[in-house]
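Please read the structure below before turning to the comments.
Each value in this text was obtained by applying a stated rule to the coordinates, not by laboratory testing. These figures come from a predicted structure and were not determined experimentally. Positions of Cβ are generated from backbone atoms using ideal geometry, with glycine treated the same way; all protein chains shown enter the neighbour counts.
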Amino acid sequence: MKQIDREALELCLKMVLESKAEPGRPDQVRAFLREDGWEVAAKFCSSLLQRRRLQMRPWDPRPPCRSEPDDGTEPGRLLAKMLAAGMSRYDPDPLAALEGAPNDKATEGTGQLLSPSRVRHNINPRGSKDGDGPISDGAA
């Protein structure tokens, strides 16, 4: 798993576990952690947060973190933009990060975008050796 994805998933998990917005949700996530492991629980949290931030309804297509780039759906088109910008597909607030969330001094000149969720996104259009950037030949 790419470092940027791990960081985004860790953040999503932390946000849901610390949230008071939905009573019982942190307990549900703790049960996922015990029964299904960290990755399943964290991906559930990413999906939950993206659905909330994108104001998706239950009958809407799946959120970007569970879509394929340019799969003909709005979330798929959003995911393609996220990946082209060097973002993690699991960012809890993809639109805010894409809209050019304010960077802090720590990221100036580093080729990174700091999303409101505090995940650093590599915005090097050529990609990096660990694959965090977009893939230019269309291969997955």
Open item on the list: Please rank R89, R66, fewest neighbouring Cβ atoms within 10 Å first, as an exposure proxy.
Closed with: R66, R89
Open item on the list: Suppose each label sits 7 Å from its Cα in the direction of the beta carbon; what would the E18-R6 distance come out to in nanometres?
Closed with: 2.0
- [ ] Based on other C-beta atoms within 10 Å, arrange E68, E7, E99 from fewest to most.
- [x] E99, E68, E7
Open item on the list: Quick check: net charge around R77, other residues with Cβ under 10 Å of its Cβ, Lys/Arg +1 and Asp/Glu -1?
Closed with: -2
TODO: For a footprinting-style exposure proxy, rank V40, V16, V29 by other Cβ within 10 Å, fewest first.
DONE: V40, V29, V16
Task: Extended-chain gain in nm, criterion 0.36 nm per residue less alpha-carbon gap, E99 and D36 - done: 19.3 nm
